[in-house]
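Enquirer: Dropping the structure in here first, questions after.
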Amino acid sequence: MTAAKNRILELRAELDQHNYRYHVLDEPSIPDIEYDRLFHELKALEAANPELVTSDSPTQRVGSAALSAFTQVRHEVPMLSLGNAFEETDMREFDRRVTEGLDLPVGDLFGGGAAVEYSCEPKLDGLAVSLLYQDGVLVRGATRGDGTTGEDISVNVRTVRNIPLKLHGTGWPATLEVRGEVFMSKAGFERLNATQLEVGGKTFANPRNAAAGSLRQLDSKITANRPLEFCCYGIGQVSADIAETHIGNLQQLKAWGLPISHELKLANGIAECLAYYRDIGERRNALPYEIDGVVFKVNSIAAQRELGFRAREPRWAIAHKFPAMEELTELLDVEFQVGRTGAVTPVARLKPVKVAGVTVANATLHNMDEVARLGLMIGDTVIIRRAGDVIPQVVQVVLERRPDNARPVKIPEQCPVCGSHVERTQLVKRSKGRETISEGAVYRCVGRLACGAQLKQAIIHFVSRRAMDIEGLGDKSVEQLVDEGLVSSPADLYALKFEDIVDLEGFAEVSSNKLLSAIEGSKKPGLARFIYALGIPDVGEETAKVLARSLGSLERVQRALPQVLTYLPDVGLEVAHEIHSFFEDAHNQQVIADLLKHGLQIQDQGDLGAEFAASTTLGGFLDKLHIPSVGPGGAQKLAEKFGSLQGVMSADWLDMRQALPEKQANSVREFFASEENRQLAEAAEKQLADFGMHWQSEKKVVEGLPLAGQTWVLTGSLELMSRDVAKDKLESLGAKVAGSVSAKTHCVVAGPGAGSKLTKANELGLKVLDEEAFVGFLKDHGVPV
Ligand code: IVH
């Protein structure tokens with residue numbers, strides 16, 4: 001056997017395998033561009049050795065046989081493929097073949113040739129589908145399969161929202177087979193993957209795979225929940241001709257209710273085709289769906305007939321491809337980067353490869369769960385995808401190409417920067433009154449500020465504009481200060497001397513003095529700014545503001561228990577634990593103490609925020625304990641009946657049953673039977689009291705509130721919040737909420753359907769707010785809505 005023959009057999013076997021994976025299993029293991037490369041290599045070898053061409057070569061047919069689970073469908077008119085053009089010269093060549101084929105003048109470098117009319121459409125990246133309409137009714141949907149035989153996916157296509165089940169208008173041929181692409185928009189794809197991750201399902205590498213995997217579901221209920229769309233680009237079998245041009249056909253189909261591309265255009269000659277290609281190429285990233293090229297078709301149907309077909313493609317159409325957004329490359333190594341909060345993130349080091357015109361050598365791997373999901377090993381051949389402007393991603397491992405010496409990706413036990421221990425984060429969730437702790441996806445270096453990477457990032461964050469706002473200290477200078485050992489905590493910034501700075505790269509006398517005065521000038525930060533500057537994990541500017549506004553002092557923020565922190569708007573248990581453990585950490589405590597020692601004076605400290613102080617009621621507190629099956633209503637009843645936490649904890653069964661139905665009463669007893677729960681509740685209660693926000697002191701707090709002494713009435717239905725919530729919010733501002741309107745009422749909030757109370761309020765000339773105005777009022781008073 002010759003070398004050529006060997007290679008041909010090898011390529012055929014490989015292409016057959018890829019065809020099967022792509023067309024039958026919907027699980028391609030190499031990007032299209034690689035498939036095209038292998039295909040072209042085979043084509044070239046066969047062209048050079050015509051005696052070796054056999055009828056079973058992949059060059060002689062399209063795709064492979066259908067999955068047996070669907071019924072097979074024979075395509076009366078075969079579903080063909082398209083020839084590809086990658087370069088402008090390929091396109092000019094195509095145009096020359098068309099012009100010659102139609103016996104039109106070809107022209108030369110200086111023009112003079114006939115301008116053929118072409119239709120231009122985007123080449124959607126989905127999967128080809130045939131829709132058969134009999135007397136205007138959708139009777140069958142099929143995949144392309146191998147072009148001659150496809151699969152019957154009628155039930156599935158019926159679930160695609162933009163496929164009409166009946167044609168609109170009149171005049172359609174009795175038999176009309178419509179062809180087009182089923183695809184998934186970029187947004188739909190992102191949404192689907194996000195949900196799949198949430199429910200622990202399979203995610204998809206790209207929108208094409210997602211569309212294919214969704215459409216070829218044996219359970220069409222799954223298909224129905226997937227964001228699939230259809231775009232029509234041609235016709236197959238028809239009992240009567242429709243129009244004289246391709247565009248005419250599509251426009252008629254559109255009139256019958258079939259979706260066609262918004263980008264459909266007519267080009268007069270090849271130059272206009274090339275301009276169309278460039279224009280769409282520039283807008284490619286902004287289009288809501290993915291395309292892998294544009295398709296040009298000779299517009300005249302008569303001319304199409306004259307040109308006819310080659311083995312697998314029409315002579316009258318071509319796909320002008322864009323650079324692929326996916327490429328194959330090798331994973332050389334996985335390195336770990338350490339971020340500001342110590343998160344140790346895997347980063348893929350790749351053999352550099354050009355993806356859509358940009359050389360890619362690194363890709364983010366997000367976290368170790370992602371590495372596990374991909375089943376990634378060092379040495380693997382991987383598919384890299386660069387969609388739009390986003391950071392390149394590893395989307396798939398090509399298992400067939402895994403070398404024998406592939407190594408698993410292991411999270412380092414020691415931080416690559418400081419050598420501290422690396423530990424897995426925990427997720428704290430609360431359900432049924434219990435905290436459950438599970439393993440998180442993130443690993444963290446425990447070195448904190450002793451870790452150079454975290455220290456640098458922490459200081460960069462500390463001095464940043466929205467934090468301590470120390471101007472004149474760029475990332476590079478921070479790195480130098482840390483590397484020179486001049487700064488090993490944010491507090492050290494305040495001990496810097498002129499001599500320390502003036503020798504740094506990029507510094508001179510003037511800039512050193514400027515920096516020193518900027519450092520000096522940052523010594524009186526607001527409380528929120530200071531909390532934000534500390535760089536507590538999960539605490540952004542907003543949360544820092546909430547902490548400052550609600551707790552009023554650094555001292556309270558420092559010792560707040562997680563259960564107390566959850567009283568703050570938008571602070572869940574997880575964030576509450578982060579905040580609590582940050583301030584429990586001895587090293588962090590030292591840094592804060594040092595900062596204060598260096599003369600930092602935190603401003604805006606004072607009393608507890610009134611809104612926060614008033615947010616504690618005994619009922620609300622009991623509700624926060626998350627006693628299983630006891631909702632806010634039940635908690636309120638307990639509060640009314642027993643008047644104190646102690647009362648609830650020591651209540652006897654009969655009293656408890658008077659307050660609550662049996663199931664809930666049982667649940668309360670069970671909850672407080674746990675020593676741990678009792679301690680937790682008591683500690684939180686004690687801290688609330690210490691903070692001066694206990695329900696016993698409610699009265700005192702109310703006096704200072706903006707609506708103290710006012711009576712409000714809620715009537716009609718509210719749409720943005722329940723009446724209970726509206727009541728809580730008004731009460732948090734000090735108002736009393738009453739059930740009936742009288743001359744003493746200060747204000748009435750009236751939603752749609754308000755009746756006699758509104759009438760009475762109007763008669764009495766009271767102030768009336770609709771819901772929108774009410775929400776505005778709350779916002780104006782600093783109450784989050
Ligand atoms: S025309 C005989 N037009 O590309 C002409 N195809 O490689 C057959 N495709 O299987 C196809 N957008 O799935 C045509 N505007 C478009 C297209 C398009 C996407 C797909 C189609 C086809 C493949 C051809």
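The values are calculated or read from the model by the stated rules, or taken from the named source; none is laboratory data. Since this is a predicted model, take the numbers as computed values, not measurements. Cβ sites come from the backbone with ideal geometry, for glycine too, and all protein chains shown count toward neighbours.
Enquirer: State all residues of the range 324-349 that are out of contact with any Lys or Arg (no Cβ under 6 Å at 6 or more places or on another chain), aliphatic (A, V, I, L, M), touching a residue at least 40 places away in the same chain (Cβ under 8 Å) and part of a strand (DSSP E or B); if no residue qualifies, say none.
Expert: Leu328, Leu331, Val334, Val338, Val344, Ala348
Enquirer: Determine if the range 455-467 includes at least one residue that is exposed (fewer than 15 other Cβ atoms within 10 Å of the Cβ) and over 24 Å from Glu27 (Cα atoms).
Expert: yes
Residue by residue, here is whether (1) among the β-branched types (Val, Ile, Thr); (2) under 17 Å from Thr341 (Cα atoms) holds:
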site: Ser553; (1), (2): no, no
site: Val564; (1), (2): yes, no
site: Glu574; (1), (2): no, yes
site: Gln590; (1), (2): no, no
site: Gly599; (1), (2): no, no
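Enquirer: Could you identify the single residue in Tyr494, Tyr532 that is touching a His at 6+ places or on another chain (Cβ under 6 Å) and not polar (S, T, N, Q)?
Expert: On inspection, the qualifying residue turns out to be Tyr494.
Enquirer: In the range 464-480, which residues are among the aliphatic types (A, V, I, L, M) and part of a helix (DSSP H, G or I)?
Expert: Across the range 464-480, the qualifying residue is only Val478.
Enquirer: Just one of the numbered conditions (1) touching a strand residue (DSSP E or B) at 6+ places or on another chain (Cβ under 8 Å); (2) assigned to a loop (DSSP other than H, G, I, E, B); (3) within 30 Å of Gly440 (Cα to Cα); (4) hydrophobic (A, V, I, L, M, F, W, C) is not true of Leu192; which one?
Expert: Every listed condition holds for Leu192 apart from (2).
Enquirer: Are any residues in the range 195-210 touching a helix residue (DSSP H, G or I) at 6+ places or on another chain (Cβ under 8 Å) and not in a loop (DSSP other than H, G, I, E, B), and if so, which ones?
Expert: First pass over the range 195-210, keeping only residues touching a helix residue (DSSP H, G or I) at 6+ places or on another chain (Cβ under 8 Å): 201-204, 206-207, 210.
Across the range 195-210, the qualifying residues are Pro207, Ala210.
Enquirer: Further question on the same structure: Give the residue that is nearest to the ligand (Cβ to nearest atom), with candidates limited to residues of the range 76-89 that are touching a residue at least 60 places away in the same chain (Cβ under 8 Å) and of a type in the set (D, E, K, R).
Expert: Narrowing the range 76-89 to residues touching a residue at least 60 places away in the same chain (Cβ under 8 Å): 76-86, 88.
Checking which are of a type in the set (D, E, K, R) leaves us with 76, 88.
Details: Glu76: 14, Glu88: 20 Å.
Per the stated criteria, the residue is Glu76.
Enquirer: Also, I was wondering about something else. On the basis of being surrounded by 18 or more Cβ atoms within 10 Å (Cβ to Cβ) and either more than 16 Å from the ligand (Cβ to nearest atom) or among the hydroxyl-bearing types (Ser, Thr, Tyr) (or both), does Val355 make the cut?
Expert: Judged against the criteria, Val355 is a match.
Enquirer: Within the set of pairs 6+ apart or on separate chains, which have a first residue in the range 477-488 that is more than 12 Å from Ala450 (Cα to Cα), a second that is among the basic types (Lys, Arg), and C-beta atoms under 7 Å apart?
Expert: Matching pairs, first to second residue: Val478/Lys456; Glu479/Lys456.
One line per residue, one yes/no per condition, for (1) modelled with pLDDT of 85 or more; (2) in a strand (DSSP E or B); (3) surrounded by fewer than 13 Cβ atoms within 10 Å (Cβ to Cβ):
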residue	(1), (2), (3)
Met721	no, no, no
Val725	no, no, no
Leu730	yes, no, no
Gly734	no, no, no
Lys744	no, no, yes
Gly753	no, no, yes
Glu772	yes, no, yes
Phe777	yes, no, no
Val785	no, no, no
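Enquirer: Keeping to the range 304-324, report how many residues are buried (at least 18 other Cβ atoms within 10 Å of the Cβ) and more than 13 Å from the ligand (Cβ to nearest atom).
Expert: Within the range 304-324, residues that are buried (at least 18 other Cβ atoms within 10 Å of the Cβ) and more than 13 Å from the ligand (Cβ to nearest atom) number 1.
Enquirer: When residues of the range 134-150 are filtered for being in contact (Cβ under 8 Å) with a residue 24 or more places away in the chain, part of a strand (DSSP E or B) and buried (at least 24 other Cβ atoms within 10 Å of the Cβ), how many remain? Outline the logic, then answer.
Expert: From the range 134-150, those in contact (Cβ under 8 Å) with a residue 24 or more places away in the chain are 134-138, 140, 142-150; that's our starting set.
Applying the additional criterion that residues be part of a strand (DSSP E or B) yields 134, 137-138, 140, 142-143, 149-150.
Now restrict to residues that are buried (at least 24 other Cβ atoms within 10 Å of the Cβ): 142-143, 150.
So the answer is 3.
Enquirer: Ok, one more. Looking at the range 281-298, I want the residues that are free of Cβ contacts under 8 Å to residues at least 60 places away in the same chain and have a partner that is more than 15 Å from the ligand (Cβ to nearest atom) and part of a helix (DSSP H, G or I) with Cβ atoms under 7 Å, at least 6 apart or on another chain. Which pairs are those?
Expert: Pairs that qualify, where the first residue is free of Cβ contacts under 8 Å to residues at least 60 places away in the same chain and the partner is more than 15 Å from the ligand (Cβ to nearest atom) and part of a helix (DSSP H, G or I): there are none.
Enquirer: While we're looking at this one, here's another question. On the given criteria, is Ala343 in contact with a strand residue (DSSP E or B) (Cβ under 7 Å, 6 or more places away or on another chain) and within 11 Å of the ligand (Cβ to nearest atom)?
Expert: Values: in contact with a strand residue (DSSP E or B) (Cβ under 7 Å, 6 or more places away or on another chain): yes; within 11 Å of the ligand (Cβ to nearest atom): no.
Criteria not met by Ala343.
Enquirer: Looking at the range 261-276 only, could you name the residues that are in a helix (DSSP H, G or I) and within 13 Å of the ligand (Cβ to nearest atom)? Step through it out loud before you land on a result.
Expert: The initial filter retains those residues of the range 261-276 that are in a helix (DSSP H, G or I), namely 270-276.
Tyr276, the sole residue that qualifies.
Enquirer: Also, I was wondering about something else. Being touching a strand residue (DSSP E or B) at 6+ places or on another chain (Cβ under 6 Å) and among the charged types (D, E, K, R) narrows it down to one residue among Lys767, Lys760; which is it?
Expert: One residue alone meets the criteria, Lys767.
Enquirer: At pLDDT 95 or above and not in a loop (DSSP other than H, G, I, E, B) - does that describe any residue in the range 155-175?
Expert: yes
Enquirer: Which of the residues belonging to the range 274-299 are farther than 22 Å from Asp32 by Cβ and in contact with a helix residue (DSSP H, G or I) (Cβ under 8 Å, 6 or more places away or on another chain)?
Expert: Leu274, Val298, Asn299
Enquirer: Does Pro288 fit the bill of being over 22 Å from Asn249 (Cβ atoms) and surrounded by fewer than 20 Cβ atoms within 10 Å (Cβ to Cβ)?
Expert: Against the criterion (over 22 Å from Asn249 (Cβ atoms) and surrounded by fewer than 20 Cβ atoms within 10 Å (Cβ to Cβ)), Pro288 qualifies.
Enquirer: Could you check the range 542-588 for helices (runs of 4 or more DSSP H) lying wholly inside it with 1 or more residues that are closer than 15 Å to Leu527 by Cβ?
Expert: 554-559, 573-584
Enquirer: Also: Which one of these is aliphatic (A, V, I, L, M), within 23 Å of Leu80 (Cα to Cα) and away from the ligand (no atom under 16 Å from the Cβ): Leu167, Leu197, Leu176?
Expert: Leu176
Enquirer: Take the range 481-493 and flag every residue that is surrounded by fewer than 17 Cβ atoms within 10 Å (Cβ to Cβ) and part of a helix (DSSP H, G or I).
Expert: Across the range 481-493, the qualifying residue is only Asp483.
Enquirer: Same structure again: Output the residues belonging to the range 325-367 that are acidic (Asp, Glu) and more than 19 Å from Arg37 (Cα to Cα).
Expert: Hits for the range 325-367 are Asp333, Glu335.
Enquirer: Any residue at all in the range 223-243 that's within 14 Å of the ligand (Cβ to nearest atom) and in a helix (DSSP H, G or I)?
Expert: No, the range 223-243 contains no residue that is within 14 Å of the ligand (Cβ to nearest atom) and in a helix (DSSP H, G or I).
Enquirer: Kindly evaluate Asn285 against the criterion of being among the polar types (S, T, N, Q) and either within 13 Å of the ligand (Cβ to nearest atom) or farther than 14 Å from Ser119 by Cβ (or both).
Expert: yes
Enquirer: Going by what's in this entry, would Phe296 be described as within 14 Å of the ligand (Cβ to nearest atom), under 30 Å from Val398 (Cβ atoms) and surrounded by 17 or more Cβ atoms within 10 Å (Cβ to Cβ)?
Expert: no
Enquirer: Quick one: is Pro346 touching a Leu at 6+ places or on another chain (Cβ under 7 Å) and not acidic (Asp, Glu)?
Expert: Judged against the criteria, Pro346 is a match.
Enquirer: Still on this structure, I have one more. Can you tell me which residues in the range 98-132 are part of a strand (DSSP E or B), among the aliphatic types (A, V, I, L, M) and either more than 30 Å from Leu215 (Cβ to Cβ) or within 11 Å of the ligand (Cβ to nearest atom) (or both)?
Expert: Leu124, Leu127, Ala128, Val129
Enquirer: Further question: In this structure, is Ala586 without any contact (Cβ under 8 Å) to a residue 12 or more places away in the chain and among the hydrophobic types (A, V, I, L, M, F, W, C)?
Expert: Numbers: without any contact (Cβ under 8 Å) to a residue 12 or more places away in the chain: yes; among the hydrophobic types (A, V, I, L, M, F, W, C): yes.
Answer is yes for this residue.
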